[in-house]
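The structure appears right after this line, and notes come after that.
Coordinate-derived values only; no laboratory data. What you see is a predicted model; the values in this text were computed from it and never measured. For neighbour counting, all protein chains shown are included, and Cβ atoms are generated from backbone atoms with ideal geometry for every residue, glycine included.
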Amino acid sequence: MNNPLDMAIETNALSLSIGQHRLLHDVTLHAKRGERIAIVGPNGAGKTTLLRCLLGFISSPSGAISLQGKRLADLKRQEIARLIGYVPQQLADDIPFTVIEFIVMSRYAHAQSGGIIHRDPEGERIAKQATERTGIQHLENQSMSTLSGGERQKVNIAAALAQQTPILVLDEPSSHLDPKQRESIQQLLGEVGRKSQTTILAVTHDLNWAAMDFDRIIGMSHGAIIADDTPSAMMTSENLHRIFDAHWSVQPHPESGHPIVLPAHHYARDL
């Protein structure tokens, strides 16, 4: 039985419909403190909708959500922002601030004056720690509008880290990146989870990253959780077919032994 004191995230029978369209159906999940969980599934499976519910962006789902043992429905916006950080897929192109200004502003939950952030010494120190952890110190005084996709995503993660939350949720954090940038972001997130005991919940289409770097994988389809298990138990051809309605070949990595996922027709063609 799960100990409520050990839980970072809990949802119970979470459901959401808009008109006749069901977005989430009876979603129940538990994430322990410090656990790293990947959420996978086809487009339209409800993955991003689930994250938006956890963040309090959608206020009308049925069921219950708790963060760090506190009912989400009882929390104010600043209180939620002290508990859960968010890294979206990508930022707007025309952000009129420098990198360090943007990261300092991400700490609005810690402001004492109605959410207005001033550049105080403590905020500056924490923001600079975040740039050091993400390796972007050299970008601190650069305009956000001049950054590459990979640089912007690192800034995005640094801003979330500067919030100093026990929970971090990410929506496809390595999408739109080239392979080198993707590997850098994924390594960074792995280090964040291991070193700080932050609970990480990440939506991703990268099944191999999910298999290698996460404690659990949740598979969603049509707004419901189809499977929830460790990577070794989760990554089977049968489970992946249930989630994606497609055929996959699952092979062990030649060095680590982690399951590697390939479309079945590509694997068969190479035999």
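Within the stretch 100-210, considering only helices (runs of 4 or more DSSP H) that don't extend past its boundaries, which have at least 1 residues that are crowded, with 19+ Cβ neighbours inside 10 Å and touching a Gly at 6+ places or on another chain (Cβ under 9 Å)?
149-162, 179-196
Which numbered condition in (1) touching a Leu at 6+ places or on another chain (Cβ under 9 Å); (2) under 22 Å from Arg242 (Cα atoms) is the only one that His30 fails?
(1)
Mind counting the residues in the stretch 211-242 that are more than 25 Å from His21 (Cα to Cα), surrounded by fewer than 20 Cβ atoms within 10 Å (Cβ to Cβ) and of a type in the set (Asp, Glu)?
3
So, in the stretch 54-93, of the ones that are in a loop (DSSP other than H, G, I, E, B) and touching a helix residue (DSSP H, G or I) at 6+ places or on another chain (Cβ under 6 Å), which residue ends up farthest from Ile136 (Cα to Cα)?
So the residue we want is Pro61.
Looking at Ser62, Ser17 in this structure, which one is surrounded by fewer than 13 Cβ atoms within 10 Å (Cβ to Cβ) and touching a strand residue (DSSP E or B) at 6+ places or on another chain (Cβ under 9 Å)?
Values: Ser17 fails: surrounded by fewer than 13 Cβ atoms within 10 Å (Cβ to Cβ).
From the options Ser62, Ser17, the qualifying one is Ser62.
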